[in-house]
Amino acid sequence: MTPSRVTVLSGALALALGLLQACTSAPQGDREAQSGIQRLYILNCGEGVAGDISRWSPGVNVGKSMDFVDNCYLIRHAKGWLLWDTGVPDAVAAMPDGLRPGDPRATHWRRPRTLAAQLAEIGVKPSDVRYVAVSHSHPDHAGNLAMFPGAMLLVQKAEYEWPQESGPRFPPQMPATRLAGDHDVFGDGSAMILATPGHTPGHQSLVVRMPRTGVVILAGDVAHFRENWEARRVPAINFNKEQSSASMQRLAGVMATQNAQLWINHDKAQRDSLKMSPAFYD
């Protein structure tokens, strides 16, 4: 091999090693910002009053009402947008008295702002959303799925196939990936769906890893408010009590091993302490 050939190869090798060293020696947060989750927005997807919270905590707080909130979470990743839960239907915003439940113990929902308006505020169109995942099929979490006909729905198979008398739980025309357990949404561990059944047959939660904020668990309805989480109470309305308890224990394990925050979807006191869109977490 000629000296000039050796020089060229040596230079190329040095350049490749230099690039590799630059990538591997960059701060972890910088690498995640380049290839992982870049922003997480909390959207106001409903506000209401629960008529009797003993519905969620049997034998405790009988007759006591409580303010509830409903959050959706929009996540910007290098590979596309992920929307977690879609909230109370946007149509409720036009109802002067909100959506009154048939059961007075349940939640009387209102919609102060539509999901569509909040997406527009940060420059996102429904067609920009690559994935929509819902914690479960109850209408305060899946109420706006029809807004995203081109997105891929990520849902547990057990939830998708859970029968109901009124017809399909999800828009039949919407493409869906029916999961059979945990799922790494973007393939890099930054957004992990965990199977947390119990509240419904295919309930799921989302573990989000962000460069600055750290690890956050979007719990869905594993617990409805802080007091129930701390006491590990299982609502009588849940699909399966044993699975519910096991799912709470699973999330507690994630919190302990990964120093994770638990964001409880309907807990107003916690929601009021967090930044709402258009502010974001990263």
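The values are calculated or read from the model by the stated rules, or taken from the named source; none is laboratory data. What you see is a predicted model; the values in this text were computed from it and never measured. Cβ coordinates were reconstructed from backbone atoms using ideal geometry, including for glycine residues, and neighbour counts include every protein chain displayed. SASA here: full protein model, heavy atoms, side chains in, ligands and nucleic acids out. Shrake-Rupley method; radii C 1.70, N 1.55, O 1.52, S 1.80 Å.
Worth pointing out:
- Any chance Val222 is among the aliphatic types (A, V, I, L, M), at pLDDT 95 or above and in contact with a His (Cβ under 9 Å, 6 or more places away or on another chain): yes
- Of the residues making up the stretch 10-49, those that are outside any helix (DSSP H, G or I) and at pLDDT below 90 are Ala26, Pro27.
- Restricting the stretch 104-133 to residues that are in contact (Cβ under 8 Å) with a residue 24 or more places away in the chain and charged (D, E, K, R) leaves a set whose member that is farthest from Ser54 (Cα to Cα) is Asp128.
- Residue that is most open to solvent (accessible area, probe 1.4 Å) [pool: residues in the stretch 264-282 that are of a type in the set (Lys, Arg) and closer than 19 Å to Asn228 by Cβ]: Lys268
- Conditions (1) farther than 15 Å from Leu40 by Cα; (2) touching a strand residue (DSSP E or B) at 6+ places or on another chain (Cβ under 6 Å); number of the one not met by Leu83: (1)
- If the condition is being out of contact with any Lys or Arg (no Cβ under 9 Å at 6 or more places or on another chain), of a type outside the set (Gly, Ala, Ser) and open to solvent by 10 Å² or more (accessible area, probe 1.4 Å), then the stretch 123-137 contributes Lys125, Pro126, Asp128, Tyr131.
- The residues of the stretch 50-77 that are open to solvent by 20 Å² or more (accessible area, probe 1.4 Å), under 21 Å from Asn238 (Cβ atoms) and part of a strand (DSSP E or B) amount to a single one, Met66.
- Check on Glu242, without any contact (Cβ under 8 Å) to a residue 60 or more places away in the chain, in a helix (DSSP H, G or I) and surrounded by fewer than 17 Cβ atoms within 10 Å (Cβ to Cβ): yes
- First in the stretch 169-197 and at positive phi, second anywhere and surrounded by 17 or more Cβ atoms within 10 Å (Cβ to Cβ) and small (Gly, Ala, Ser), Cβ under 6 Å, 6 or more apart: Gly181/Ala195
- Residue tally, condition over 11 Å from Gly46 (Cβ atoms) and either open to solvent by less than 50 Å² (accessible area, probe 1.4 Å) or touching a His at 6+ places or on another chain (Cβ under 6 Å) (or both), over the stretch 106-122: 6
- For the stretch 78-92, filtering for residues that are part of a loop (DSSP other than H, G, I, E, B) and among the small types (Gly, Ala, Ser) leaves 1.
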